[in-house]
Each structure stands twice: as C-alpha cells, then as structure tokens.
Amino acid sequence: MKWKPDWFLTGMFAAIVLALLFPGPGAKGGFLHPELLTKGGVALIFLLHGMALSVERLRAGLFNWRLHLVIQSCTFLLFPLMGVAFLWGSSGWFSQELQFGFFFLCALPSTVSSSVAMTAAARGNVAAAVFNATLSSVLGVFLTPLWVGAFLETGGVTFPLGEIVVDLICWLMVPLALGQSLRPWARHWAARNHRLIGRVDRGTILLLVYTSFCESTRQGIWSGQSMKVLGTSFLGVVLLLAAALWTTGAISRRLGFPFADRTAAVFCGSKKTLASGVPMAQLIFGTHPGIGLILLPLILYHTLQLIVGGWLANHWVAQSPHPPDP
C-alpha cells in the first residue's frame, strides 16, 4: 500500500491557509455562523457514521479479548501517560495551547477508516481492527473528556466536565444512535453511496477545521508565531508516533500474538482520529481563542500516521508475502 496525497489532505491545508488569509466568514459573527455550523456539522458526521456502522462486522471480531484489551489500553491508558511524560520532558518548549493540543491528541480514540484499511492492506486481522476502532470511538466520547479534564485541572484550568460530556452525548452519541436505528432502511443506500457519504463527511470536517482556525486568526493567536512552532510541533508528533508504534509492536510480540493480530494492534493502537477529533475539539475547546493552535498537533499527526502507516503496510506485505490469514 503506497501512500499518496489525496484531496482531503490538500483541502485540510487549504482550509488552514484560507482561514489565515480570510478569517472573517468563519469567525464568530461571520456569515457561516460557526456557533451553529459546529454542532450541526458534528451531528451530521456522526449520523453518517451510524448509518455506515455494521454490527455484523463488529460481532465477527468480538471474542479476541486479549487483543482488544491491549489496543484499548494503549489508546486510553498508555498514550495519555506518554503524553504527560512527553510534556513534562519538553517543559518550556510549547505554549499553553500547544500543550493542550498535544495532550488532547494523546487522549483521543483511534481512527476507524485508516486503521481498518491499513490492517487489511497488511493482511492483518480486519475483524478485530473494525471492532476495536469502532469501540474506541464510542469509549472516546466518555474517556477523552475525562482525561482532558484531569489534565487541565492539574494545570489550574477550570473544566466544566459535566457540560462537556452532555454536549458530546447530545451531538455525537445521539446522532450515532439515530444513524444506527436508520440502518435497517438505509444500509443499502449507504453501501451504494459510500463515496458520497465519505465526501460529505470529509467536507464537513474541512469546514470545522476552517472555522477553528478562523477564530484563532481573528484573536491574534498566530501573530508572532514562527516556523519554530511548526518545527517543534512536527518533531513532537514524530516522537509520539515512533513511541506508539514501537510500544504496541513490543507488547504484541511479548504476548506472542500472531502476525495478523500484531498488525491490528499496531495500527489501531498507534492511530488517532481526525474525523472525531476535530468535532470533539470544537465541543471541548470551542470557546478557546487558541483552538486552531490546539488542533495543530492532531493535524500533523494525522498526516504523518497516513504516510508512515502506508509505508509499514507495504513493507510488511513485502517482508511476509504469505502471512497467516486473519
């Protein structure tokens, strides 16, 4: 599997540039009405996710509990602890907004689409990847704000955890459940139009990225920032991704997982979701003027995980042309 740029990555960076040049439409009070667009966009994304979610595929990967425990522990325990250690070790390198962004990245659930796609490309355990990536998305609604709240409060920042969780349930879980309830009637339409659904989903995320950076631009967050910020942020995500890949691989080998399970563990346990991360950031940090800077580590990590994941999948297939079937 060879990675190549796609319209979504190009569009994401284009959205950031547009926000830096023309912040007015997407900032508070602009004609895009971001205060309404944000929650409506989040609801649309998770409604589509619910319609596309196949319970049958989840059941196929249900009983491999050791693998599930490793993946979820890496996602929601090991990764946040790595984030704390990373920020402690890099004290003084990052502004407060970037510190929030790096820890938010570490507390996020795994991504669904690329975890499953890369596991399949590497001939790994696809059923387990589907199960864990989807379970991670659901658990993240509750565990991500808990971790973020604990991190912010240790830094003396007030965090309305109850309000945030209620917002996440209303705008993430309810549309997801509604989409799943519509699936008996909509699954055939969703299967036929999966490309259209993907475009609408990604296009909505691009709008949310644009509005996030618009407000940060208008508040002057980017003024005075230099290439040093981008360089240190990129170095940070490189270190985090390398640590995640090495750790998930080492744990899987230590437990004696077969090739297919190791592949699923590495891809699901090391990835972080942009598709859910941007909407969650809007709901958690939506009133923070530095939300664009908070999102920067996630955007860089998303890009890097696609490049490295594609290379790994291709490398593993080349090294093991006939690995065991999942």
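Tabulated data for the structure shown
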{"read-out": "Residues located in the range 19-49, provided they are surrounded by 19 or more Cβ atoms within 10 Å (Cβ to Cβ) and more than 30 Å from ALA177 (Cα to Cα)", "value": "ALA19, PRO23, ALA27"}
{"read-out": "Counted residues, the range 83-117 - those being small (Gly, Ala, Ser), over 20 Å from VAL278 (Cα atoms) and not in a loop (DSSP other than H, G, I, E, B)", "value": "3"}
{"read-out": "Boolean, GLY203 is among the small types (Gly, Ala, Ser), more than 17 Å from the chain's Cα centre (by Cα) and part of a helix (DSSP H, G or I)", "value": "no"}
{"read-out": "Residues within the range 51-79 that are at pLDDT below 80 and either buried (at least 18 other Cβ atoms within 10 Å of the Cβ) or under 30 Å from THR211 (Cβ atoms) (or both), tallied", "value": "3"}
{"read-out": "Failed condition for GLN282, given (1) over 16 Å from ALA120 (Cα atoms); (2) out of contact with any helix residue (DSSP H, G or I) (no Cβ under 6 Å at 6 or more places or on another chain)", "value": "(2)"}
{"read-out": "Single residue of the range 15-44 satisfying the filter (free of Cβ contacts under 8 Å to residues at least 12 places away in the same chain and among the small types (Gly, Ala, Ser)) that is farthest from ILE299 (Cα to Cα)", "value": "GLY29"}
{"read-out": "Residue in the range 259-273 that is surrounded by fewer than 19 Cβ atoms within 10 Å (Cβ to Cβ) and aromatic (Phe, Trp, Tyr) present", "value": "yes"}
{"read-out": "Criterion (more than 29 Å from PHE86 (Cβ to Cβ) and assigned to a helix (DSSP H, G or I)) met by exactly one of ALA128, ALA177", "value": "ALA177"}
{"read-out": "Hey, PHE259 of a type in the set (Phe, Trp, Tyr), touching a Ser or Thr at 6+ places or on another chain (Cβ under 8 Å) and farther than 23 Å from TRP147 by Cα or not", "value": "yes"}
{"read-out": "Out of ALA133, ALA120, sole residue that is at pLDDT 85 or above, part of a helix (DSSP H, G or I) and surrounded by 15 or more Cβ atoms within 10 Å (Cβ to Cβ)", "value": "ALA133"}
{"read-out": "Selection from the range 280-319 of residues that are without any contact (Cβ under 8 Å) to a residue 60 or more places away in the chain and not in a helix (DSSP H, G or I)", "value": "THR287"}
{"read-out": "Unmet criterion (only one of (1) in a helix (DSSP H, G or I); (2) modelled with pLDDT of 85 or more; (3) within 29 Å of LEU32 (Cβ to Cβ)) for LYS272", "value": "(1)"}
{"read-out": "Residue check, SER252 buried (at least 23 other Cβ atoms within 10 Å of the Cβ) and touching a Lys or Arg at 6+ places or on another chain (Cβ under 7 Å)", "value": "yes"}
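The values are calculated or read from the model by the stated rules, or taken from the named source; none is laboratory data. Everything numeric in this text was worked out from a predicted model, so none of it was measured. Using ideal geometry, Cβ is built from the backbone for each residue, glycine included, and neighbour counts are taken over all protein chains shown.
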